[in-house]
Structure formats: structure tokens, C-alpha cells
Amino acid sequence: MLPIGCHYGYRAPWPPQSQCQHSCRRRPQHPGLWIFLAIYTGDCIRMAWSTPKKITQEFENFRNLRKTDDYSATLQALNEAKASYPDGKPIVEFFAEAVDYLIKFGSIDEAEILAVDGTSLWPNSTLLIIRLGRVYALQRKESAISVLRELLRVSPLPEGLSLEAALIEAYRVDRVAAIQLVSDLSALYPKSLSLAKINATYCNWKRDYRGAVDHLKHALFTTKDPKKRDSLIAKIEAISSKAGLPFDFELHTAGLRSDDSFTVAALTMVYNEKFNLPIWLGHYGRQVGIHNCIILDHGSDDGSTDDLGGANRVRLPRGRLFDERARMRLINNFANDLLQYYDAVVYSDCDEMLVADPGLYTNLVDYAHKLKRPVAYAIGLNIRHDPTSEPPLTNEQPILRQRTRVQFVTPMCKPLLLRKPISWGGGFHACEHPPEFDDLYLFHLRMADMDQALKRMAITRNIQFARDGAGAHQRRPDDDVITGTYMNVQNMGVIEKWDFTKHLAKHMDGMKQSTTGRYKSETPARSGMIRVPERFREVF
């Protein structure tokens with residue numbers, strides 16, 4: 001169709017300076033032609049408006065009949081709605097609703113055809129991926145799981161009954177694969193109400209009633225809809241009653257602060273951390289307040305968690321095998337849920353000290369209060385020890401008085417301070433938000449003292465991991481630790497300039513987004529030894 005105001009090679013009379021895209025050069029010379037062009041233009045406008053109106057009418061007719069049990073009339077309306085769209089391409093929502101309707105009446109083969117057509121037109125539509133996966137699951141096809149796994153690469157994930165129905169039916173096709181899929185999705189979308197409910201359903205089927213209640217509690221925290229909250233509370237009460245579990249409504253109510261003060265929680269998980277835990281408590285107690293420090297105690301039996309000086313302890317039973325993925329899921333959910341009560345949450349391992357530049361910020365609370373991003377990445381630094389010239393660490397001085405050399409390393413550039421819920425991956429090294437760096441630093445103590453490192457290695461070397469190959473860095477031989485980590489420090493020069501610009505640039509050049517949507521650098525970078533500035537020396 002020629003553009004409005006252009007016909008048979010003539011240029012529109014207004015505006016006089018306009019140029020037609022068809023390179024018209026002649027002007028209309030007769031007033032009658034102007035009238036013709038005006039009528040033609042009006043017809044074009046009416047055509048442009050009439051087609052969407054017809055589309056909307058046909059679609060609404062289908063939607064109205066879909067609510068009835070008149071299958072033949074609804075099917076006719078469905079075909080009329082499809083035919084009314086230009087080139088046979090209706091909107092995504094139309095395809096999704098039509099598939100749902102065909103499933104409702106058991107027309108699974110027709111639903112498959114429609115779902116396949118829809119995903120071919122919109123391969124990144126989560127609505128249609130869910131429908132196709134559900135159709136395949138109803139047909140007991142193994143491809144249902146692989147189709148639904150596509151949800152890991154597209155976003156955002158929609159909420160609703162269709163997602164729940166698809167995952168319930170996928171569970172009947174391949175129980176193990178479905179559980180893993182929902183686990184992976186939950187890590188990517190920790191605030192999803194639908195996934196929390198489906199996790200609860202899975203647990204209920206396995207008679208893991210406590211797990212079902214925990215997932216329903218999580219669902220309760222993700223919604224403010226009174227009706228949904230009432231429904232979830234009723235389910236929690238029913239399952240608790242059936243399983244003989246205590247039911248306390250107050251535990252399921254999202255926390256509300258009683259004042260306008262800005263609060264930050266500091267969270268860690270420990271096992272027999274007699275050396276590092278006092279340092280962690282001292283640092284974060286000063287930064288956020290000791291009563292805002294939370295220790296997940298994974299079965300410590302060395303007395304290190306008996307007296308935490310006012311910090312909070314959550315006891316966790318220690319199993320025979322250590323599952324890093326289970327640990328990460330627990331901490332991810334715990335940290336995200338703490339945001340119901342706190343303005344920001346810091347998670348760090350017990351040998352990691354997060355520090356906002358003391359020349360610019362009073363403490364981590366000051367930094368978090370000024371942070372506008374959902375998560376803050378830290379510049380990662382390993383504190384290095386030269387045992388040939390530096391004595392073992394003592395409690396008589398701050399650590400950064402005793403150890404003044406650090407080394408930039410990309411694996412420690414971690415997203416550890418949250419203002420909004422996120423989905424961690426890869427040992428808390430990655431999340432779905434791209435990295436931005438400013439004045440936040442992460443000081444890692446693993447290499448800060450050779451004697452303590454060897455003692456810690458003696459503990460972690462005996463931990464049995466659930467996955468083969470996991471935790472290799474925690475089972476290194478002593479000779480390898482001594483020669484590979486400490487004896488080479490004396491030969492490394494020290495740079496006095498506190499500038500990580502070029503190292504961060506290299507780190508960012510290798511940044512890629514994985515299939516799970518998380519950002520991870522594929523370009524390892526490390527610096528030489530860099531001197532810690534004087535302003536940091538008293539922080540911890």
C-alpha cells in the first residue's frame with residue numbers, strides 16, 4: 001500500500017516541503033485531485049482502525065464463549081478469531097487461551113498443533129512454552145521436561161495456574177527431572193508464588209509435610225493479596241494439622257518495621273569456625289549491630305557458637321554428606337526472606353569481610369542506605385601472608401595492621417549486599433544482575449595466616465561432599481598449600497597505588513550471561529601485591 005497522502009506517484013500537497021518515500025516529483029495541479037486525495041486518506045485511516053476493531057470483537061467473542069460449556073460454538077468462534085487476524089498471526093495471549101480451552105475439553109492433539117504453531121511464531125514466549133510443555137506432559141512425552149527447561153533461559157516467568165498445572169503434569173512424566181527443574185527455576189525466581197506452591201505440592205506428595213509447610217510460608221511472604229494469603233494460611237493449617245506440626249499464624253505474617261530506621265542484617269553459615277567466627281562477629285557487629293548478625297550453625301561441636309555476644313543463632317543438623325547446592329538454596333531463600341524485615345541483607349562466608357571505603361562511608365549501613373541498585377558487587381581481594389617476614393595473626397591489633405598486602409582476584413568479586421531479592425548461583429559468585437563496581441570491597445581471610453589455614457584445611461579435608469569433585473580447594477595437601485600459596489609471596493613486589501580499574505576492565509570484558517540468566521566472567525584476572533591504604537587499617 002502506498003503511504004497516506006501519496007497516490008499514483010503524486011506528492012501530498014501538505015506540508016509543501018515534505019518528501020514522499022516513493023520519490024514523487026510531481027505536484028497535484030487540479031483542486032479535484034486534492035479532494036480525491038482527502039477522501040483516499042480518510043479511507044486509509046478508516047481501514048487502519050477497522051481491522052483491529054474487528055480483531056478485538058472476534059477475540060472477545062471467543063473469550064466470552066470460552067466461559068461456557070458450548071464447545072462447538074466456542075470452537076467456531078476460535079476459528080473465526082484465527083481467520084480474522086492478518087496473515088493468520090493472532091496475539092500471543094490468544095494462542096495461550098486457545099490452547100487452555102482445547103486442553104479443558106480434552107482436545108489434546110488440536111492443542112498440540114496450536115501450541116507448536118504458537119511457539120514457532122514466538123519462540124521466546126514463556127506463555128506458549130508452558131502450554132506446549134503441558135500438552136506434552138499430558139501426552140506423557142519425555143520431551144515435556146526439555147520444553148519446560150526452556151523457561152530457564154527466557155524471562156520473566158509468568159505466574160498462574162497454567163504454570164502450576166504444567167509442572168504438576170511434568171512430575172507425573174519424570175519425577176526426578178521435574179523436581180530438579182522446579183529447584184532450578186526456584187533459584188532463578190526466588191519470589192515466585194507459583195513455584196513456592198508447586199514445591200509445596202511436590203513435598204506433600206512425598207509426605208515431606210514440614211517441607212511443604214516451609215514452601216507455603218515462603219509463598220505467603222511473596223504475596224500481599226488478602227485472598228491468596230488467607231488461602232495459603234488455610235493450607236498451612238491443614239497440612240500442619242494432618243502432620244501433627246505446630247501451627248502459629250504469627251510466624252507466617254510478613255514482618256513490618258515499627259519505625260523508619262534503616263536496618264541491615266549480616267548473615268553467615270559456619271561449621272567449627274573457632275578462629276574466623278570471632279573476627280566475623282567483631283567486624284559485622286560494628287558495621288550493622290550485633291543484634292542484626294545471624295549465624296546459621298551447621299552442626300558445630302567445637303564450642304565456637306556457644307557464646308555469640310548477642311548475635312542470633314539458627315541451629316542446623318549436620319548430615320553425613322555436605323551438599324553445596326542445598327546450602328546455597330537455603331541461604332538464598334533465607335537472605336531474600338530477611339528483606340521482609342530488613343532494608344538490606346549482607347551474606348558472606350565466615351572468612352569474608354565486606355567493607356565500604358571508610359573514607360567515604362561511616363559503615364555498611366551508610367553504604368547500603370545510599371545504594372540505589374538491587375545488589376552491590378564487591379571488589380574482591382585476597383589478604384596475603386608472607387610467613388618468612390610476618391608472624392602469625394594475634395588479637396592485639398586489627399588484622400589489616402598485621403597484614404597490609406592484598407591481591408585482586410576475580411572470583412572474590414561477588415554480589416553480597418542485597419536491597420532486593422536475587423538468585424545466586426555458583427557459590428554466590430553470580431546473580432541475574434550485571435556487575436557494577438564502586439567503593440565496596442571484600443577482604444578474604446583464607447590466605448591471611450598460614451598456620452590457621454593449615455588448621456582449617458585439616459577440618460575441611462574430612463568433610464564428605466555430596467557431589468564428586470566438589471570442594472577440591474578445601475582438601476589440598478599441606479605441602480601444596482605452603483608452597484603454592486605462601487612461599488611465593490616474599491618474591492612478589494608491592495604496588496602502593498590503590499587502583500583496580502584495569503583489573504576490573506579485564507574482568508568485565510569476559511562477562512557473559514549464562515543460560516540461567518546469571519552473569520559470570522570467563523576472563524580470570526588477578527593483580528600483583530597491592531598495599532592497603534592507611535584509612536582501612538582500623539576497620540577489622
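The values are calculated or read from the model by the stated rules, or taken from the named source; none is laboratory data. Since the model is a prediction, treat every value here as computed from it, not as a measurement. Every residue, glycine as well, gets a Cβ built from its backbone with ideal geometry; the counts of neighbours run over all protein chains shown.
Some notes on this structure:
- Residue in the range 390-401 that is part of a strand (DSSP E or B) and either in the same structural domain as Gly282 (by TED's automatic domain parsing) or among the hydroxyl-bearing types (Ser, Thr, Tyr) (or both) present: no
- Residue within the range 497-509 that is at pLDDT 75 or above, more than 16 Å from His385 (Cα to Cα), of a type in the set (Gly, Ala, Ser) and under 32 Å from the mean Cα position of the chain (by Cα) present: yes
- Taking first residues from the range 103-124 that are under 12 Å from Gln139 (Cα atoms) and partners that are of a type in the set (Phe, Trp, Tyr), the Cβ contacts under 8 Å between residues at least 6 apart in sequence or on separate chains come to Glu112/Tyr136.
- Of everything listed in (1) farther than 30 Å from Val365 by Cβ; (2) over 32 Å from the mean Cα position of the chain (by Cα), the single unmet condition for Pro533 is (1).
- Verdict on Gly517 being of a type outside the set (A, V, I, L, M, F, W, C), in the same structural domain as Ala453 (by TED's automatic domain parsing) and either exposed (fewer than 14 other Cβ atoms within 10 Å of the Cβ) or modelled with pLDDT of 95 or more (or both): no
- Asp230 being modelled with pLDDT of 85 or more and surrounded by fewer than 19 Cβ atoms within 10 Å (Cβ to Cβ): no
- The residues on offer are Arg446, Arg467, and the sole one that is at pLDDT below 95, assigned by TED's automatic domain parsing to the domain that holds Ser389 and buried (at least 16 other Cβ atoms within 10 Å of the Cβ) is Arg446.
- All positions within the range 163-210 that are out of contact with any Pro (no Cβ under 9 Å at 6 or more places or on another chain), among the charged types (D, E, K, R) and not in a helix (DSSP H, G or I): Asp174, Lys206, Arg207, Asp208
- Residue that is surrounded by the fewest Cβ atoms within 10 Å (Cβ to Cβ) [pool: residues in the range 149-162 that are of a type outside the set (S, T, N, Q) and assigned to a helix (DSSP H, G or I)]: Leu161
- Among residues of the range 411-428 being crowded, with 20+ Cβ neighbours inside 10 Å and not aliphatic (A, V, I, L, M), the one that is farthest from Asp449 (Cα to Cα) is Pro421.
- Residue within the range 455-468 that is part of a strand (DSSP E or B) and either within 18 Å of Asp357 (Cβ to Cβ) or among the aromatic types (Phe, Trp, Tyr) (or both) present: yes
- The helices (runs of 4 or more DSSP H) found entirely in the range 64-148 that carry 1 or more residues being at pLDDT 85 or above and under 28 Å from the mean Cα position of the chain (by Cα) are 108-121, 126-138, 143-148.
- Only one of Asp349, Asp366, Asp386 that is assigned to a loop (DSSP other than H, G, I, E, B) and out of contact with any helix residue (DSSP H, G or I) (no Cβ under 8 Å at 6 or more places or on another chain): Asp349
- Strands (runs of 3 or more DSSP E) lying entirely in the range 485-540 (those with 3 or more residues that are more than 30 Å from Leu181 (Cβ to Cβ)): 526-531
- First in the range 485-514 and more than 29 Å from Arg153 (Cα to Cα) and free of Cβ contacts under 8 Å to residues at least 40 places away in the same chain, second anywhere and assigned to a loop (DSSP other than H, G, I, E, B) and not acidic (Asp, Glu), Cβ under 6 Å, 6 or more apart: Thr485/Met447; Trp498/Pro533
- Filter pass, Lys217 being surrounded by fewer than 17 Cβ atoms within 10 Å (Cβ to Cβ) and at negative phi: no
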